[in-house]
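The values are calculated or read from the model by the stated rules, or taken from the named source; none is laboratory data. Everything numeric in this text was worked out from a predicted model, so none of it was measured. Quick reminder, even Gly has a Cβ in these numbers, built from the backbone with ideal geometry, and neighbours come from all protein chains shown. These accessible areas exclude ligands, DNA and RNA; they are computed on the full protein's heavy atoms, side chains included. Shrake-Rupley method; radii C 1.70, N 1.55, O 1.52, S 1.80 Å.
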Amino acid sequence: DRAQTSVEMDLLSENVGEWKSAHLWSPERPNLYEVEFTLLRNGAPVDHVQSYFGVRKISIQNAQVLLNGTPLYQRLLLDQGYWKDSHLTAPSADALIEDIDKAMAFGYNGVRKHQKVEDARFLYWCDRKGLLVWSEMPAAYEFNDDAVQRFTREWMDAVRQNYNHPSIVTWVPFNESWGVGSIARDYKQQQFTVAIYHLTKAFDAMRPVIVNDGWEHTVSDIITLHDYEERGEAFAAWYADKDAIFDKAFNRSKFAMAGDYAYKGQPILISEYGGIAFNSEEGWGYGNQVKTEEQFIERFRSITTAIKQLPYACGFCYTQITDVQQEVNGLMNIDREPKIDPQIIKAINLA
């Protein structure tokens, strides 16, 4: 199950620029190599399988995330992977492909697969189409000995299962202190996340690991922040001084780092923001709901532009791709019908 491992290990020790003959994988050019394996016994074939792999390197240098040695600005969508009738199970392979195509039509180059280990067919098509994926683990309900053991086993099963997908560029085992609710001050919970970080890196040293996405990080290759501020000017003012971010509480009195853990120059990414909902819908979004498409577009442009103008931020993740049950803050409703012309959103994302 590690067909491309030796290739990627070579990439770790080589200058990617020297691989002029290799067809590297990227969102712009999702090049894949087809591969066949034949098992011989006494010179005669007894089994035969076909597969594929991608050649790409994801790395971190000078507070930047690099893909194949080039800075990667990640424009991500939060994707919970729900459907109206079948819930967490896709009704068909075509439904998975539709979500990928529509995410890309809005001008995004990746998704943060939120609280879900997604269907392997989804990852296959992300490999084929060039959509970046942050692979995230569903959260435990509470912290106890049983949760520690089950989470560790199930997380490593997920990592091993999906290790070879070139589209997966980041592992996200924890989110917003769910399952480790006292991580800000509890030494055991802190050490649990540290252990999961190092266990993941021991198995896969070639991808960044984000520990506790959103706030209260312990050790983490990327520092991610969740902020649902509605106004771009307020967003810009709050994040104007990068160093000050780590000295003040935000988002319901949460701090960026847990306990005595300190920022050590990692890349910074706003991994949840937006969540705009129309007030004509039953359910909730983040902040005040908007009345018209014009208000939606103005607010989306304001906060997205403010994030893009942060000189140190290396990307963002908008909440979210579709409505999910009572959450009516998707760019599309649960039937995958866009609420706003995708070309307008794409133009803002790519401006």
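What order, most packed first, do the peptides 108-120, 39-51 have when packing is the mean number of other Cβ atoms within 10 Å of each residue?
Working: 108-120: 21.5, 39-51: 8.6.
Per-residue Cβ counts within 10 Å, averaged per peptide and sorted highest first, yield 108-120, 39-51.
What residues from the range 35-60 fall in the zone where the backbone N is under 15 Å from a label point 7 Å along the Cα-to-C-beta line of ALA22?
Inside the label zone: 53-60.
Could you list the GluC sites (Glu not before Pro) in the range 258-351 that lie in coil according to DSSP, counting only those with at most 13 other Cβ atoms within 10 Å of their Cβ? Before the final figure, lay out each step's value.
Working: sites: GLU272, GLU281, GLU282, GLU293, GLU294, GLU298, GLU327; in loops: GLU281, GLU282.
Within the range 258-351, the qualifying GluC sites (Glu not before Pro) (loop, at most 13 other Cβ atoms within 10 Å) are GLU282.
Just to verify a number: FRET efficiency for LYS116 and VAL46, C-beta to C-beta distance, R0 = 35 Å, to 0.05?
Working: r = 38 Å, r/R0 = 1.08.
My answer for the efficiency is 0.40.
With a sphere of radius 13 Å drawn around the Cβ of LEU350, what net charge do the other residues whose Cβ falls strictly inside it have (Lys, Arg +1; Asp, Glu -1)? Each step should come with its number before you reach the end.
On the way: positive: ARG75, ARG301, LYS308, LYS346; negative: GLU28.
Around LEU350, the surrounding residues sum to +3.
Mind scanning LYS201/LYS248; LYS242/LYS339; LYS116/LYS346; LYS57/LYS113; LYS84/LYS346 and naming the pairs with a C-alpha gap bigger than 32 Å? Write down the numbers at each step before the final one.
Numbers: LYS201/LYS248 30 Å; LYS242/LYS339 34 Å; LYS116/LYS346 26 Å; LYS57/LYS113 21 Å; LYS84/LYS346 25 Å.
Over 32 Å apart, Cα to Cα: LYS242/LYS339.
Using the Cα atoms of the range 143-255 to build a convex hull, what is its mean projected area in square nanometres?
Working: hull surface 32.5 nm².
The directionally averaged projection comes out at 8.1 nm².
Give the Cα extents of the chain along the principal axes, in whole Å, largest first.
72, 46, 43
Assign unit charges at the C-beta atoms only (+1 for Lys and Arg, -1 for Asp and Glu), then state the dipole size of the range 261-345 relative to its Cα centre in Debye, rounded to the nearest 20.
On the way: 7 positive and 11 negative charges, 109 e Å.
Using only the charged Cβ atoms, the result is roughly 520 debye.
Restricting attention to the alpha-carbon atoms of the range 175-219, what are Rg (one decimal) and Dmax (integer), both in Å?
Cα radius of gyration and Dmax of the range 175-219 are 10.4, 30 Å respectively.
Dividing the alpha-carbon Rg of the range 211-265 by 2.2 N^0.38 Å yields what? Display every interim value, and only then the final one.
Working: Rg = 11.1 Å, N = 55, 2.2 N^0.38 = 10.1 Å.
Normalised Rg, Cα atoms only: 1.10.
Given the options LEU77, LEU24, LEU331, which has the most mean-square fluctuation in a GNM of the chain, springs set between C-alpha atoms less than 10 angstrom apart?
Evaluated over the chain, the most mobile residue of the options is LEU24.
List the aspartates and glutamates whose Cα sits under 19 Å from the Cα of LYS308, skipping any in the same chain fewer than 8 residues away.
Partners within reach: ASP227, GLU229, GLU230, GLU233, ASP241, ASP243, GLU272, GLU298.
As an exercise, use a Förster radius of 25 Å and the Cβ-Cβ distance of PHE246 and GLN191 to find the FRET efficiency, rounded to the nearest 0.05.
0.75
Roll a 1.4 Å probe over the protein chains and send me the accessible area per residue for the chain in Å².
Values: 15990 Å² over 351 residues.
Averaged over the residues of the chain, the accessible area is 46 Å².
How many percent of DSSP beta bridges within the chain run antiparallel, rounded to 5? Present the calculation step by step, with values, prior to reporting the outcome.
Numbers: 20 of 51 bridges.
Taking every DSSP beta bridge with both residues in the chain, the antiparallel ones total about 40 percent.
What is the local net charge at CYS317, summed over the other residues whose Cβ is closer than 10 Å to its Cβ (Lys, Arg +1; Asp, Glu -1)?
-1
Using the eigenvalues of the Cα gyration tensor, what equivalent ellipsoid semi-axes result for the range 101-151 when each is taken as the square root of five times the eigenvalue, whole Å, largest first? Each step should come with its number before you reach the end.
Numbers: eigenvalues 175, 26, 9 Å².
Equivalent ellipsoid of the range 101-151: 30, 11, 7 Å, largest first.
Roughly to the nearest percent, how much of the accessible area of the chain is carbon and sulfur, given a 1.4 Å probe?
Of all accessible area on the chain, carbon and sulfur atoms account for 49 percent.
Excluding same-chain residues fewer than 8 positions from LYS291, which aspartates and glutamates have a Cα within less than 12 Å of its Cα?
Output for LYS291: GLU281.
Given 4 °C and 1.567 mPa s, compute D for the range 249-351 with the Stokes-Einstein relation, Rh being the Kirkwood radius over Cα pairs; round to the nearest whole µm²/s. Can you show the working numbers first?
Working: Rh = 15.1 Å.
Answer from the Stokes-Einstein relation: 86 µm²/s.
Name the residues whose placed amide hydrogens come within less than 5 Å of the amide hydrogen of LEU66, ignoring near sequence neighbours (fewer than 5 apart) on the same chain.
Distant-sequence amide H within range of LEU66: SER59, ILE60, GLN61, LEU72.
Find the relative contact order for the chain and round it to a whole percent, using C-alpha pairs within less than 8 Å whose residues are 6+ positions apart.
Working: 692 pairs, mean separation 57.9, N = 351.
Rounded, it is 16 percent for the chain.
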